[in-house]
Amino acid sequence: MPKEIADLAHIIEEYFEMTTLPENTLEIVEEVIEALDSGRVRVAEKAYGDHDSSIWKVNAWVKKAILLYFRLRPVVKMDEGPFCDKIPLKEFSPATNRLLPYSSVRRGCYVAPKVVIMAPSFINIGAYVDEGVLVDSLVLVGSCAQIGKNVHLGAGTVIGGVLEPPNSTPVIIEDGAFIGGSCGVYEGCVVEAGAVLGAGTIITARTPIVDINTGEEYFGRVPENAVVVPGGRLKKVGKQDFILQTPIIIKRRDPSVSAKLALEDSLRVFE
């Protein structure tokens, strides 16, 4: 961690515990928000361990800065229409991104070049959206969600926000994942690289995901290259039978076969 970022982290941790904040608090917090906006810091990042495995490390101090930002910023009239908010909208360049009318992206989230945001969609503060992502219509990318490179977020999908508590893991969609229409990923779930969620798949931290080929169950994560579709299984409660939502892994995708569509490739051309 660069020294200037480490210094910011130390100050935010100290200020977050104070009842009465110093006068320069908002100025310090603004530095963190600007670093989030430019991608120099992020809420969560991969930490590599033994055998090249990786886990996601949460930078709780960054979430604390966002919480302080909400606490300190006044509600103001926005330049865009009759709207009022505490957080201004992010600015984009037509040379690097496509942002369609009626979509909103808050300042304090990073959106890499060659990201397409269809209308109407919303990306909240603290989110990280990497290069080549297609955000289809009516998509919500919640606060602090981490979206990897070349991800497809299908129309009507909700990627849940996880801001509190500060040490909680956000929703993470890793590189090359394909999220079908009207999906929901919530409560800090991780969709690993190259995985595919069929349309209408809903996943929470306690939703069992069953591999129909091995019988193995997963909670809170979709394994790498897994192809998941909505499903259900019978559960008896007393004398009654219920069908509980149980997404199923029907196969593992060949990583050499891209999940991207040719149409998406054309949408990502900015020249």
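Every read-out reported here was derived from the displayed coordinates using simple, explicitly stated rules and does not represent laboratory data. Note that the structure is predicted; figures quoted are calculated from it, not measured. Neighbour counts run over all protein chains shown; Cβ positions are idealised from the backbone, glycine included.
Numerical summary
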| item | result |
| --- | --- |
| Two-decimal ratio, region 158-204, of alpha-carbon radius of gyration to 2.2 N^0.38 Å | 1.12 |
| Kirkwood-Stokes translational diffusion coefficient of region 210-260, alpha-carbon pairs, 37 °C, 0.692 mPa s, µm²/s | 262 µm²/s |
| GNM top mover of R221, R252, R107 - the chain, alpha-carbon springs below 10 Å | R252 |
| Förster-model FRET efficiency, 45 Å R0, F92 and R233, C-beta, rounded to 0.05 | 0.50 |
| Distance between modelled label sites at T19 and T204, nm, 7 Å Cα→Cβ extension | 3.7 nm |
| Environment charge at N124 (Cβ cut-off 15 Å; Lys +1, Arg +1, Asp -1, Glu -1) | +4 |
| Summed side-chain charge close to H10 - residues other than H10 whose Cβ falls under 15 Å, Lys, Arg +1, Asp, Glu -1 | -4 |
| Within the chain, helix-based [θ] at 222 nm, where runs of 4 or more DSSP H residues each add -39,500 (n - 2.57), nearest 500 | -5500 deg cm²/dmol |
| Unit charges at the beta carbon, dipole of region 44-127: most positive-side option, S93, W56, G81 | G81 |
| log₁₀ of I(q)/I(0) at q = 0.14, 0.15 Å⁻¹ - region 3-76, Debye sum with one point per alpha carbon | -0.48, -0.54 |
| V75 paired with A6, simple spin-label distance in nm, labels 7 Å along Cα-to-beta-carbon | 4.2 nm |
| Cα-based shape type of region 64-122, given that a ≥ b ≥ c are square roots of the gyration tensor eigenvalues and the cut on a/c is 1.5 | oblate |
| Between 0 and 90°, nearest 10: helix 3-16 axis offset from the chain longest Cα axis | 90 degrees |
| Potential extension, D175-E27 segment - 0.36 nm per residue separation minus Cα distance | 49.9 nm |
| When the convex hull of its Cα atoms is projected in every direction, mean area for the chain (nm²) | 18.2 nm² |
| Per-pair calculated FRET efficiency, R0 = 35 Å: K149 and Y102 via Cβ, rounded to 0.05 | 0.85 |
| Amide proton proximity set for A127, modelled H, under 5 Å, gap of 5+ | Y110, C144, A145 |
